[in-house]
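Asker: Can you read through this structure? Questions will come right after.
Derivation of every value follows stated rules applied to the coordinates shown; laboratory data play no part. Since the structure is predicted, the reported quantities are computational estimates derived from the model, not experimental observations. Quick reminder, even Gly has a Cβ in these numbers, built from the backbone with ideal geometry, and neighbours come from all protein chains shown.
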């Protein structure tokens, strides 16, 4: 069965500092990986995805993520955090087509990012 | 540009009552999903559908029912509300199993059962 682990319930960072939100995954075959952000009283919004190709993918609002196949990780990063980045972040994985795994995405439990002024 | 629309946004039910959470999408997506979100627990898949007339159970289907008579609509039914069903419910849609596109989510229905 596929799974996602977000080992930190909460990440605290000062505004202007770099941030990292961690995600590791387990899936049958090649993964499709996604990051979503959730603001209070809103649904999840797509940030970025890894499908194939470059291990460093860039997304919305200056976020990027690095795919590491050997470590089965897909950590979310941003060079300079903003107070407005404070939100709940979810990592998700599904199997690529023809990989034999589930095409229904599995989500992590979420990481609360708090950026202090 | 509506995307995924959920109604109602908030609801309070008494134990034993029933209700239907509505979800509609205007992106012609084949796949639709219902999740519940409880604090610190992430998203739990309740039911999903890969097209009109086809539904399947997710991780936590007990106490819920769904139907998919059209591509656009995917209502979630609670027949006998229980306090354990107090949660925030999200509907989502996506293109399909061969697509690399992400899911689109509604803004949720906040349900309290007292």
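Asker: Please find, in a Gaussian network model of chain A (springs between Cα atoms separated by less than 10 Å), the residue of A:53, A:16, A:100 whose mean-square fluctuation is greatest.
Answerer: Highest fluctuation of the listed residues: A:53.
Asker: Once R0 is set to 35 Å, what does the formula 1/(1 + (r/R0)^6) return for the Cβ-Cβ distance between residue B:9 and residue B:100, expressed as a FRET efficiency to the nearest 0.05? Let's see the in-between values first.
Answerer: On the way: r = 31 Å, r/R0 = 0.88.
The computed FRET efficiency comes out at 0.70.
Asker: So what is the relative contact order for the stretch A:1-54, in percent, with contacts set as C-alpha pairs under 8 Å and at least six apart? Intermediate values should be presented prior to the final figure.
Answerer: Values: 54 pairs, mean separation 16.0, N = 54.
Normalised by residue count, the contact order of the stretch A:1-54 is 30 percent.
Asker: Please compute, over every Cα-Cα pair in the protein assembly as shown, the percentage with a separation greater than 33 angstrom. If you can, show how the numbers build up before the last one.
Answerer: Details: 4453 of 26565 pairs.
I get 17 percent for the Cα pairs in the protein assembly as shown exceeding 33 Å.
Asker: Separate question: Given an 8 Å cut-off on Cα distances and at least 6 residues of separation, report the relative contact order of the stretch A:3-116 as a percent. Numbers along the way, then the final one.
Answerer: Numbers: 294 pairs, mean separation 43.0, N = 114.
Relative contact order, the stretch A:3-116: 38 percent.
Asker: What value does the stretch A:3-116 have for Rg/Rh, both radii from Cα atoms and Rh as Kirkwood defines it? Don't jump to the answer; show the numbers that get you there.
Answerer: Values: Rg = 13.6 Å, Rh = 14.1 Å.
That ratio is 0.96, to two decimals.
Asker: Under the definition of Cα pairs under 8 Å and six or more residues apart, what whole-number percent is the relative contact order of chain B? Walk me through the numbers on the way to the answer.
Answerer: On the way: 290 pairs, mean separation 40.3, N = 114.
Worked out over chain B, it gives 35 percent.
Asker: Kindly give Rg over Rh for the stretch A:27-86, based on alpha-carbon atoms, with the Kirkwood expression for the hydrodynamic radius. Before the final figure, lay out each step's value.
Answerer: Values: Rg = 12.5 Å, Rh = 12.6 Å.
Rounded to two decimals, Rg over Rh is 1.00.
Asker: I would also like to ask the following. Under a crude label model (7 Å from the Cα following the beta-carbon direction), how far is residue A:3 from residue B:79 in nanometres?
Answerer: That separation, rounded to one decimal, is 3.3 nm.
Asker: Quick one: compute a quarter of the convex hull surface over the Cα atoms of the stretch B:21-83 and quote it in nm².
Answerer: Values: hull surface 18.2 nm².
Taking a quarter of the hull surface, the average projection is 4.5 nm².
Asker: Between residue A:112 and residue A:58, take the C-beta separation as r, use R0 = 41 Å, and let me know the FRET efficiency to the nearest 0.05. Write out the running numbers ahead of the final one.
Answerer: Numbers: r = 23 Å, r/R0 = 0.57.
The value I calculate is 0.95.
Asker: Over the alpha-carbon set of chain B, work out the extent along each principal axis and list the three values in angstrom, largest first.
Answerer: Here the Cα extents, ordered largest to smallest, are 41, 28, 26 Å.
Asker: Then there's this: How long are the semi-axes of the ellipsoid equivalent to the stretch A:2-44, from square roots of 5 times the Cα gyration tensor eigenvalues, in whole Å, largest first?
Answerer: Three semi-axes, in Å: 24, 15, 10.
Asker: What whole-number distance in Å separates the alpha-carbon centres of the stretch A:59-105 and the stretch B:1-32?
Answerer: 27 Å
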